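S.K.: One structure follows; several queries about it will come next.
Each value in this text was obtained by applying a stated rule to the coordinates, not by laboratory testing. This structure is a prediction, so every number in the text was calculated from the model and none was measured. As a convention, Cβ positions derive from the backbone with ideal geometry for all residues, glycine included, and neighbour counts pool all protein chains shown.
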Amino acid sequence: LKYGDYGIVRPACHGLENSQCLEIAGVYTGSASGCQPCFTDPDVIDAATDYAVQYVEDRIALGEKPGDEIRAVDLAHYDITIFCNCKNCRAALSYDGVQSGAVVKFANAVAEVLAEKYDGKVAVGVFAYAGTNTPPARTKPLANVRITYCFYIGCTNWVCAKHSISGLDSANCSN
């Protein structure tokens with residue numbers, strides 16, 4: 001499927017992690033470009049929405065059912081902490097104080113379509129990590145947006161896996 005000057009939605013894979021998933025020809029070529037896609041671009045949102053719907057429809061064609069075998073579509077972002085800096089993404093950052101605001105708005109846009117089309121039985125899955133591990137100040141995820149918190153990676157630090165998630169026992173860690 002083609003969207004304006006943008007490219008093609010690829011077959012299912014690990015969310016947006018693999019550059020083969022969502023390629024926006026001439027503008028964004030996946031993680032090879034070194035940064036996240038523009039999560040506020042309507043064409044990117046349309047492409048991701050169509051990818052999610054097609055993914056669900058393909059699974060329905062195999063006899064699977066929304067809410068049973070089909071519970072979520074993974075749209076997790078790349079393992080890259082460099083985000084789009086366009087006017088709309090900067091506005092989302094200003095509104096929510098963190099990069100996760102634009103990602104949650106993006107997930108909400110796709111989730112809204114899936115909720116309507118599949119009676120709320122299919123969620124959108126995203127990760128909170130690699131620059132999005134702090135929740136947005138104002139934007140809240142819809143009921144069918146599932147956020148998996150990954151405590152081990154943030155934008156500026158790594159958490160030592162030899163200690164509890166609270167970190168209280170890691171004050172003298174040499175790792």
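S.K.: Name the long-range amide H neighbours of ALA128: under 5 Å, sequence gap of 5 or more, or other chain; modelled H, no Pro or chain starts.
M.R.: For ALA128, whose amide H was placed from the backbone, the distant partners under 5 Å are THR148, TYR149, CYS150.
S.K.: If you don't mind, another one. Between ARG90 and GLU116, what is the spin-label point distance in nm, taking each point 7 Å from the Cα along the Cα→C-beta axis?
M.R.: Reported label-point gap for ARG90 and GLU116 is 3.2 nm.
S.K.: While we're looking at this one, here's another question. Near VAL113, within a Cβ-to-Cβ distance under 11 Å, what is the net charge of the other residues, with Lys and Arg +1 and Asp and Glu -1?
M.R.: -3
S.K.: Hey, another quick one. Could you calculate the contour length gain from ASP50 to TYR149, that is, 0.36 nm times the residue separation minus the distance between their Cα atoms, to one decimal place in nm?
M.R.: 33.1 nm
S.K.: If you don't mind, another one. If you take the beta carbon distance between ARG138 and ALA61 as r and set R0 to 45 Å, what does 1/(1 + (r/R0)^6) give as a FRET efficiency, to the nearest 0.05?
M.R.: Efficiency for this residue pair is about 0.70.
S.K.: Give the Cα extents of the stretch 29-118 along the principal axes, in whole Å, largest first.
M.R.: Principal extents (largest minus smallest coordinate, Cα): 43, 28, 20 Å.
S.K.: Related question: Add +1 for every Lys or Arg and -1 for every Asp or Glu among the other residues with Cβ under 11 Å from the Cβ of GLU64, and state the total.
M.R.: Every neighbour counted, the sum reads -1.
S.K.: Principal axes first, then extents: for the Cα atoms of the stretch 83-130, list largest minus smallest coordinate on each axis, whole Å, largest first.
M.R.: Taking max minus min along each principal axis of the Cα atoms, the stretch 83-130 gives 34, 21, 15 Å.
S.K.: Tell me, what ³J(HN,Hα) does each residue in the stretch 123-138 have, in order and in whole Hz, if you take phi through Karplus 6.51 cos²θ - 1.76 cosθ + 1.60 with θ = phi - 60° and put x for Gly and Pro?
M.R.: For the stretch 123-138, the Karplus-derived couplings read 9, 9, x, 9, 9, 9, 5, 6, x, 10, 7, 9, x, x, 5, 10 Hz, x marking Gly and Pro.
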